[in-house]
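The values are calculated or read from the model by the stated rules, or taken from the named source; none is laboratory data. These numbers were taken from a predicted model, which means no experiment stands behind them. So basically every Cβ, Gly included, is an ideal-geometry build from the backbone, and we count neighbours across all protein chains shown. Ligands, DNA and RNA are excluded from the accessible area calculation, which covers all protein heavy atoms including side chains. Shrake-Rupley method; radii C 1.70, N 1.55, O 1.52, S 1.80 Å.
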Amino acid sequence: MRNPALVRDAARAFPKRVAVGLDAKDGKVAVQGWAETAELTALDIARRFEDAGVAAIIYTDVSRDGMLKGINWEATIALAEAISIPVVASGGFASMADVDRMIAPQARKLEGAIAGRALYDGRLDAAEALRVVRAARAG
């Protein structure tokens, strides 16, 4: 948000290899280590990069990040459906229930998801999660 020209330049120099992280609180972009919220929405910012050649948008609902409450599926899927850039879900991935939600038809537009604390805490088995995702993609 602070330097969109840098993102555009990087995406041109490294096509389809630059991901843009969009952190949001109540739909508004969170900046400065999540201490401030901008007036712009995550969708506003994402649309600015539609023609930049970025590989993905990593969308994090900061109110859920690290809280093990589950991904904000509604906001994440809505963003993915509104833009052409692939969206990766982040912030709150908690369990196999999130894996199941990730492979559900409603989430088909999502490119992937990031799990952190659930892996560290042992609440999510990475091998099992990958097995379930691979099986869903094969069938």
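Tabulated data
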{"read-out": "Selection within region 10-31 - open to solvent by 60 Å² or more (accessible area, probe 1.4 Å) and either at pLDDT 95 or above or assigned to a loop (DSSP other than H, G, I, E, B) (or both)", "value": "13, 14, 15, 16, 17, 26"}
{"read-out": "Matching entry among 115, 127, 97, 104 (being open to solvent by less than 70 Å² (accessible area, probe 1.4 Å), over 27 Å from residue 17 (Cβ atoms) and without any contact (Cβ under 8 Å) to a residue 24 or more places away in the chain)", "value": "104"}
{"read-out": "In region 83-135, the residues that are closer than 25 Å to residue 47 by Cβ and aliphatic (A, V, I, L, M)", "value": "83, 85, 87, 88, 89, 102, 107, 110, 113, 114"}
{"read-out": "Residue match in region 32-55 (condition: at pLDDT below 90, under 14 Å from the mean Cα position of the chain (by Cα) and of a type in the set (Asp, Glu))", "value": "no"}
{"read-out": "Single match in 69, 109 (criterion: surrounded by fewer than 20 Cβ atoms within 10 Å (Cβ to Cβ) and touching an Asp or Glu at 6+ places or on another chain (Cβ under 7 Å))", "value": "109"}
{"read-out": "Which numbered condition residue 92 misses (of (1) touching a residue at least 40 places away in the same chain (Cβ under 8 Å); (2) crowded, with 17+ Cβ neighbours inside 10 Å)", "value": "(1)"}
{"read-out": "Odd one out for residue 70, checked against (1) at pLDDT 90 or above; (2) closer than 19 Å to residue 133 by Cα", "value": "(1)"}
